[in-house]
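Structure record follows, encoded as structure tokens.
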Amino acid sequence: MRKRAAQSPRAKFIIITGGVLSSLGKGLTAAALGALLKAKGLKVSMQKLDPYLNLDPGTMNPHQHGEVYVTDDGAETDLDLGHYERFLDTPMTRRSSYTAGRIYSQVLSKERRGDYLGGTVQVIPHVTDEVKAAILSMSEDELDVVLVEVGGTVGDIESLPFLEAVRQLKGDLGRGRCLFIHLSYLPYLPTSGEFKSKPTQHSVKELRSIGIQPDIIVCRGALPISPESKAKIALFCDVSLDAVFTAVDVKNIYELPLKLHAEGLEKKVSKLLSLGRQEPDISPWRALVERQARLSKTVSIAIVGKYGELMDSYKSLKEALGHGGLAHEAKVEFHYFNAEEVRLDNVEKLLKHDHGVLVPGGFGQRGIEGMIGAVNYARTRRIPFLGICLGLQCAVIEFSRNVAKIPAANSEEFRPNCRDNVIFRMTGWYDPNTGHRAQRDPSDDLGGSMRLGSYPCQVAPGTLAMAAYGAPLIHERHRHRFEFNPRFINPLTKAGLVISGQGPADPLENPAHPRPKLVEIVELADHPWFVCCQFHPEFKSSPMSPHPLFKAFIGAALAERGKMEGSKKG
Ligand code: GLN
């Protein structure tokens, strides 16, 4: 299969590299270009090559690396895949994300299997071949265009095998099938009133020393660059004048497709790759940006979490809240609270101005009691509440302790071997994705030992979840080790907890001994809006299709805002 794809891929490849600085927004620029090509009617997908040696970003600290994004097929990936999905409104897969670690691990497994027939295994050709095969595997999906973002900055030691592989790829594919875009940074010196092109010249020189001549240069800068600077870059970097573009800083990332279109980027790309002359239909993007500019009301949401130092750790979450707001013509303001600083005796003072409370996902014990305090506040003061993954687990613990009167209720993650662990590590559950009983990985490995990716969930009629989704069967993405302990379904539902979403039953089970189903959504009946999910709905929201739970949560928060304002006036 792979061989055939390598011989005659229909897809054309756009390789995006970055120079001068990291954090230039390569992922966003690539995603916005992808959106424009999709708007031309082309079938587009994207891939990220990350030069670090972790097998995947799953074990990386969100403080350092930002959020770990999860695909339907259960890959733990870089957060750029979130941008790709939101801009393209197309699900990515495991194939869309490769780290150098994954490439090396594949090469080493082949070496152990004897696939290299006793040869000396080297970066060139073995590692570079593996990279090329990974890129070409994207064309198995009958795509027109694949955008491949090479992570890191040109000049890093780690990215060299990737760059060598894409250099070779251009030759392998033949003329007109592969295009290089280099994203660079153009500093502006206010004292002399000039853009400085030298760093860009140097990074292109570096790229050329590896054998890659960029076809297009996109310059990031605070302002549109002057024609003189463009001319200088074209001359020194050996690209035509109409192949130098600017990506100016934008306040709202969804303006990017419009800005790049106005500069003619997708037109130039289409010309160089013969992708047809049809104009992209950018009207949905224009309408989106206009709607965002018109937002007339504001709603404020408290996020009580543990990874707030770097707000990239909650990238998809904040995006999804924004999309939920958009569905109600409302701007969402976030107030972040470090859970370690939230206590039962200060929670009201801290959160009283917010119209909704959200406890997001997380790992480890730090800050747990603060999150439980936030749940308690939202539950007892009847403030709209959304609990996601760890947020659900905290809500179940809070409810068990304070309503169901199980004072020692806890999670196995924080207190192993406790009889009252309402959240625990399940073994032997029915996995609807495989149709088999899944056995938990008994190892203590941190990587790859979670319930990951998309799972079906049946939504109970007459619940807040059903009102939000309007569908009896949904599919959502997971990333966690621990689950609602089915031993507590009875006592907790008797105390008033509503289980509004569950995994399907095992079709092969013995009806005399029914097996418990996975609990996926819980909620409260006597509360304006209190919904918690074991999955991560934020990974399936996009500006063009806001996620139903975020839409419903923001709707409830707006109603709360109305009440708060009414009581102030009264
Ligand atoms: N730490 C919890 C678990 O592993 C929750 C994970 C999460 O919030 N993503 O089950």
Query - Filtered residue count, the range 274-290, keeping only those that are assigned to a helix (DSSP H, G or I) and within 15 Å of Lys38 (Cβ to Cβ) - result: 4
Query raised in the report: What number of residues within the range 161-173 satisfy the criterion of being open to solvent by 30 Å² or more (accessible area, probe 1.4 Å) and either in contact with a Cys (Cβ under 9 Å, 6 or more places away or on another chain) or at pLDDT below 95 (or both)?
Result: 3
Requested in this report: Pairs only if they're at least six apart or on different chains, beta carbon under 8 angstrom, first in the range 171-184 and farther than 19 Å from Ala31 by Cα, second hydroxyl-bearing (Ser, Thr, Tyr); list them, first residue then second.
Outcome: Gly176/Ser274
Query raised in the report: Only one residue in Ser240, Ser274, Ser300, Ser270 is surrounded by fewer than 14 Cβ atoms within 10 Å (Cβ to Cβ) and touching a residue at least 40 places away in the same chain (Cβ under 8 Å), so which one is that?
Result: Ser274
Report task. Can you give me the ranges of the helices (runs of 4 or more DSSP H) entirely in the range 330-433 with at least 3 residues that are within 12 Å of the ligand (Cβ to nearest atom) and out of contact with any His (no Cβ under 7 Å at 6 or more places or on another chain)? Result -> 390-402
Query raised in the report: Is the range 474-491 home to any residue that is open to solvent by 40 Å² or more (accessible area, probe 1.4 Å) and not in a helix (DSSP H, G or I)?
Result: yes
Query raised in the report: Taking the condition under 30 Å from Lys297 (Cα atoms), under 22 Å from the mean Cα position of the chain (by Cα), within 16 Å of the ligand (Cβ to nearest atom) and in a loop (DSSP other than H, G, I, E, B), does Phe539 pass?
Result: no
Requested in this report: Would you check if Ala557 is in a helix (DSSP H, G or I), surrounded by 20 or more Cβ atoms within 10 Å (Cβ to Cβ) and in contact (Cβ under 8 Å) with a residue 40 or more places away in the chain?
Outcome: yes
Report task. Just give me the residues in the range 177-220 being open to solvent by less than 40 Å² (accessible area, probe 1.4 Å), assigned to a loop (DSSP other than H, G, I, E, B) and closer than 25 Å to Leu273 by Cα, in sequence order. Result -> Ile210, Ile212, Pro214
Query - helices (runs of 4 or more DSSP H) enclosed by the range 51-155 - at least 2 residues per element that are among the hydrophobic types (A, V, I, L, M, F, W, C) - result: 80-88, 100-113, 128-136
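The values are calculated or read from the model by the stated rules, or taken from the named source; none is laboratory data. This structure is a prediction, so every number in the text was calculated from the model and none was measured. Glycine gets a Cβ as well: all are built from the backbone with ideal geometry, and neighbour counts include every protein chain shown. Heavy atoms of the whole protein, side chains included, go into the accessibility calculation; ligands, DNA and RNA do not. Shrake-Rupley method; radii C 1.70, N 1.55, O 1.52, S 1.80 Å.
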